[in-house]
Amino acid sequence: MGQHTLTGRQYLILGLVALCAPLGDTFLSRGMTTMPAITLAHPLSLITAVFTPWIALGIALLIGFFASYLTALSWADLTFVLPATAFGNVIVALLSRFWLHEQISPMRWAGIALITLGVSFVAQGPSRTERPVKEPEHQDPDVKEPPSKRPDIDEPPSREPDVHEPPKRDPDEKPPAIREPKEVGA
């Protein structure tokens, strides 16, 4: 199994993936404890909640999570990046217990420990799935490639219009359908 070699910048991105989501979720929870219950029947209260400091900071951290998550997915497989988000369960549990003073049952702690153990197994794989490299097809040296359908940039555009214009006529010449009126009674 191939080991992954990551740069310092890539480790930083994975760290942001692991930290921004649990911090953002915890800040949202902290902010919502100071708000009255929100229902869809009163959408103005939801808009008001967005502008409270804890919730706004939580939203900013979640935006940071999505930016770092997308960045990590651009150079690593989902099965490599997703365990970094799963580690967030441990961070959320610790922040919830010691900062938000929530009670966490022994069963939840056991579940968090199992998740962490599972993440450690998954994280041992390569960061990018090895895909077979397709060999270029062998080409006979006597056979020339057909010219490209795209015109060269250096070529001037064709002078012939696609639509042919009608021939120009003399402005003094009268069309055959129009006749001069005859004078009556002169």
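FYI, it's all coordinate maths here, none of it is from the lab. Values in this document were obtained by computation on a predicted structure and should not be read as measured data. In this analysis, Cβ positions are derived from the backbone assuming ideal geometry, glycine residues included, and neighbour counts consider all displayed protein chains.
Structure above, values below:
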read-out: For the stretch 8-122, the spread of Cα positions along each principal axis, largest first, Å; value: 44, 36, 24
read-out: Fully extended contour minus Cα-Cα distance, from T116 to L57, at 0.36 nm per residue; value: 18.5 nm
read-out: Length added when fully stretched, A41-E102, from 0.36 nm per residue minus Cα-Cα; value: 19.1 nm
read-out: Proxy reagent accessibility, fewest Cβ within 10 Å first, across T48, T34; value: T34, T48
read-out: Sequence of Y11, Y69 once ranked by neighbouring C-beta atoms within 10 Å, starting from the fewest; value: Y11, Y69
read-out: Karplus (6.51, -1.76, 1.60) ³J(HN,Hα), θ = phi - 60°, over the stretch 50-55, in Hz, Gly and Pro reported as x; value: 4, 8, 7, x, 4, 5
read-out: Relative exposure of D77, D25, judged by other C-beta atoms within 10 Å (fewest first); value: D77, D25
read-out: Part-to-part distance (alpha-carbon centres) for the stretch 5-41 and the stretch 53-130, which is given in Å; value: 9
read-out: Note, ³J(HN,Hα) from phi for the stretch 35-46, Karplus 6.51, -1.76, 1.60, rounded to Hz, x at Gly and Pro; value: 9, x, 4, 10, 10, 5, 6, 10, x, 5, 5, 5
